[in-house]
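Asks: Structure provided below as structure tokens; questions to follow.
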Amino acid sequence: MAKKLNLVVAACNNNGIGINGNLPWRLKKDMEFFKKMTSDTINPDKQNAVIMGRKTWFSIPEKFRPLKGRINIVLSRELKEVPTGVHIARSLPEALSLVETELSDLVENIHIIGGSSVYKEAMAGPYPCRIYLTRVLKDFECDTFLPEISDEKFTKIANPDNVPVELQEENDIKFRFEVFEKVC
Ligand SMILES: NC(=O)c1ccc[n+]([C@@H]2O[C@H](COP(=O)([O-])OP(=O)(O)OC[C@H]3O[C@@H](n4cnc5c(N)ncnc54)[C@H](OP(=O)(O)O)[C@@H]3O)[C@@H](O)[C@H]2O)c1
């Protein structure tokens, strides 16, 4: 059976996720959560794949990309070159097929880490899918948005053990972790 897609995203009150190619906020605890969620594996011989759009790739500071300890796959129809060891795919199905074939012995879980259109395609497509949403409880000006999480397709589930349930706060910003599972 195809692997589940785990979407990891932080969105604020207006569902905004980005501004001018960056995150609208700085939340260290959320970055740590993102790192843990996308890096941890049960099998020490495997890594997780992180699939991202070209703009999300370039939004990662150069010194932190590729995201270490993870298999980085960048979606782009145009991009010619990425660093050695990073994979380019021309579509989401191509990225998933790469994971199921060439990388199948290496990959434990698949994480979709943005941006907008990649989240949208993963949510709308025929894939088993879970969303790890950091709900940032504040208004920020944004130019990039998380597509609506459809009530018909997704249901909110209890946080698994590795996802804190308590309300978080940092830099005067309250936020909480929520998890949604595709039901059809
Ligand atoms: N808050 C969060 O959790 C979060 C997460 C991720 C990103 N962000 C923010 O979101 C912004 C970037 O996201 P974005 O939505 O603007 O851009 P993006 O999705 O990261 O990148 C868009 C580009 O990715 C490529 N692409 C996307 N879908 C593709 C597909 N199905 N097949 C082939 N190529 C595909 C295309 O590249 P080509 O033009 O090269 O073909 C497209 O122009 C930044 O501000 C970033 O900081 C926030």
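Asks: Please enumerate the residues belonging to segment 51-77 that are more than 17 Å from VAL9 (Cα to Cα), assigned to a helix (DSSP H, G or I) and among the hydrophobic types (A, V, I, L, M, F, W, C).
Replies: PHE64
Asks: Mind checking which residues of segment 119-148 are outside any strand (DSSP E or B) and over 21 Å from ILE19 (Cβ atoms)?
Replies: Those that are outside any strand (DSSP E or B) and over 21 Å from ILE19 (Cβ atoms): GLU121, ALA122, MET123, ALA124, GLY125, PRO126, TYR127, PRO128.
Asks: Going residue by residue through segment 141-150, is there one that turns out to be at pLDDT 95 or above, charged (D, E, K, R) and buried (at least 18 other Cβ atoms within 10 Å of the Cβ)?
Replies: no
Asks: How about segment 68-85: which of its residues are more than 13 Å from the ligand (Cβ to nearest atom) and either surrounded by fewer than 12 Cβ atoms within 10 Å (Cβ to Cβ) or free of Cβ contacts under 8 Å to residues at least 12 places away in the same chain (or both)?
Replies: Those that are more than 13 Å from the ligand (Cβ to nearest atom) and either surrounded by fewer than 12 Cβ atoms within 10 Å (Cβ to Cβ) or free of Cβ contacts under 8 Å to residues at least 12 places away in the same chain (or both): LYS68, PRO83, THR84, GLY85.
Asks: Quick one: how many residues across segment 113-140 are under 25 Å from GLY69 (Cβ atoms) and either open to solvent by 50 Å² or more (accessible area, probe 1.4 Å) or not hydroxyl-bearing (Ser, Thr, Tyr) (or both)? Steps first, please.
Replies: Step one: filter segment 113-140 for residues under 25 Å from GLY69 (Cβ atoms), giving 113-115, 118-119, 122, 127-134.
Add one more test, that the residue is either open to solvent by 50 Å² or more (accessible area, probe 1.4 Å) or not hydroxyl-bearing (Ser, Thr, Tyr) (or both), and what stays is 113-115, 118, 122, 128-131, 133.
Number of matching residues: 10.
Asks: Pick out the one residue from ASN109, ASN171 that is out of contact with any Phe, Trp or Tyr (no Cβ under 7 Å at 6 or more places or on another chain) and closer than 19 Å to LEU7 by Cβ. Before the answer, list the steps.
Replies: Values: ASN171 fails: closer than 19 Å to LEU7 by Cβ.
Among ASN109, ASN171, only ASN109 is out of contact with any Phe, Trp or Tyr (no Cβ under 7 Å at 6 or more places or on another chain) and closer than 19 Å to LEU7 by Cβ.
Asks: A follow-up question, please. Of these, ILE51, ILE110, ILE17, ILE88, which one is modelled with pLDDT of 95 or more, surrounded by 14 or more Cβ atoms within 10 Å (Cβ to Cβ) and farther than 30 Å from ARG176 by Cβ? Give the steps one after another, and end with the answer.
Replies: Values: ILE51 fails: farther than 30 Å from ARG176 by Cβ; ILE110 fails: farther than 30 Å from ARG176 by Cβ; ILE17 fails: farther than 30 Å from ARG176 by Cβ.
ILE88 is the lone residue from the list that is modelled with pLDDT of 95 or more, surrounded by 14 or more Cβ atoms within 10 Å (Cβ to Cβ) and farther than 30 Å from ARG176 by Cβ.
Asks: When segment 65-85 is examined, which residues are found to be modelled with pLDDT of 95 or more and not basic (Lys, Arg)?
Replies: Scanning segment 65-85 gives PRO66, LEU67, GLY69, ILE71, ASN72, ILE73, VAL74, LEU75, SER76.
Asks: Just checking, does segment 96-107 include any residue being of a type in the set (Gly, Ala, Ser), surrounded by 13 or more Cβ atoms within 10 Å (Cβ to Cβ) and in contact with a helix residue (DSSP H, G or I) (Cβ under 9 Å, 6 or more places away or on another chain)?
Replies: Within segment 96-107, the subset of a type in the set (Gly, Ala, Ser) is 97, 104.
Among the residues that remain, those that are also surrounded by 13 or more Cβ atoms within 10 Å (Cβ to Cβ) are: 97.
Of the ones still in play, those that are also in contact with a helix residue (DSSP H, G or I) (Cβ under 9 Å, 6 or more places away or on another chain) are none.
The answer is no; no qualifying residue exists.
Asks: I would also like to ask the following. In segment 149-176, how many are assigned to a strand (DSSP E or B) and either among the acidic types (Asp, Glu) or within 24 Å of GLY125 (Cα to Cα) (or both)? Even if it seems obvious, please write down each step before you answer.
Replies: Residues of segment 149-176 that are assigned to a strand (DSSP E or B), as a first pass: 154-157, 168-170, 173-176.
Filter again for either among the acidic types (Asp, Glu) or within 24 Å of GLY125 (Cα to Cα) (or both), leaving 154-157, 169-170.
Final tally of qualifying residues: 6.
Asks: While we're here: Which ones in segment 20-44 are open to solvent by less than 40 Å² (accessible area, probe 1.4 Å) and of a type outside the set (Gly, Ala, Ser)?
Replies: PRO24, TRP25, LEU27, ASP30, PHE33, MET37, THR38
The values are calculated or read from the model by the stated rules, or taken from the named source; none is laboratory data. For clarity, every value in this text was computed on a predicted model and none was experimentally measured. Because the Cβ atoms are built from the backbone with ideal geometry, glycine has one as well, and the counts that use them run over all protein chains shown. In case anyone asks, the SASA skips ligands and DNA or RNA and just uses the protein heavy atoms, side chains included. Shrake-Rupley method; radii C 1.70, N 1.55, O 1.52, S 1.80 Å.
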